[in-house]
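Below: the structure, in structure tokens.
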Amino acid sequence: MAFLGGPEAAARVAADPFWSVVRRRHPDVDLVLLPPVAAPDEADAGATPIEAGVEEATAACLARVAGLWQRLVGDVAPDEQRAGWTTGPRPGLERHEATWTLLAVDPVAATGTIDGAARTLGEEGWRVLAPPDGMPRVLAGRPAGNGREELDLVLVPSTGRFFLTVRSALHRLEAGR
């Protein structure tokens, strides 16, 4: 990243129709312009998708969800399981999304599980967000060779519903789906 300053940067600001007015009206304010950050879909668009058959890709994604469930939640079997393919950022690219749910869980135990999951994911290199207010939850994501994988582990205290949703990175599935 280059930091511009001095007469060249001042001339660029003075020539800009928007920033020149801001600078003139607020001479006591220092301006810092940052380059735009790529939107998540744009970042995914540059990834190399995994090319696989539907059955093979589905089995691999479900095995990934099972492994995450085991590490984060434990040996308890989910009460409900839902999974399917969703469209990606470009035609022909898809992401697998699966949600495994426990019903009527103890909120104290589930909150402890969420806290432990946040630590585990952080240690494994995930970018973790565990908001301190609202529903107890951990949101995590990390780059994968084929895009970005993400997960949500959430407790809904009013219903006792506790679920893990995992979204895979990008896949290009073979025809015949």
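Here, each number is a calculation from the coordinates, and none is a lab measurement. Given the structure is predicted, the values throughout are model-derived calculations rather than measurements. Quick reminder, even Gly has a Cβ in these numbers, built from the backbone with ideal geometry, and neighbours come from all protein chains shown.
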Completion exercise
Expressed in nanometres to one decimal, the distance between label points 7 Å along Cα→Cβ at Arg119 and Ser158 is 3.1 nm
Fill in the blank from the handout: Given a Förster distance of 45 Å, the FRET efficiency implied by the Cβ-Cβ spacing of Arg23 and Thr86, rounded to the nearest 0.05, works out to 0.50
Completion exercise
Ranked output for segments 61-72, 142-153, 79-90, 12-23 by mean other Cβ atoms within 10 Å, highest leading, reads 142-153, 61-72, 79-90, 12-23
Problem - Simple label model, 7 Å out from Cα along Cβ direction - Val108 to Ala14, nm - result: 6.9 nm
Practice task
Compute the Rg/Rh shape ratio of the range 88-156: radius of gyration over Kirkwood radius, all on alpha-carbon atoms.
Solution key: 1.03
Problem - Student exercise, the range 98-177 dipole from Lys, Arg, Asp, Glu Cβ charges, in Debye to nearest 20 - result: 280 debye
Exercise for the section: With a Förster radius of 41 Å, plug the Cβ-Cβ distance of Asp30 and Leu129 into 1/(1 + (r/R0)^6) and report the FRET value to the nearest 0.05. Expected result: 0.85
Completion exercise
Counting all Cα-Cα pairs in the range 50-173, those more than 25 Å apart amount in percent to 24 percent
Practice task
With a point put 7 Å past each Cα toward its Cβ, work out how far Ala59 is from Val76 in nm, to one decimal.
Solution key: 3.0 nm
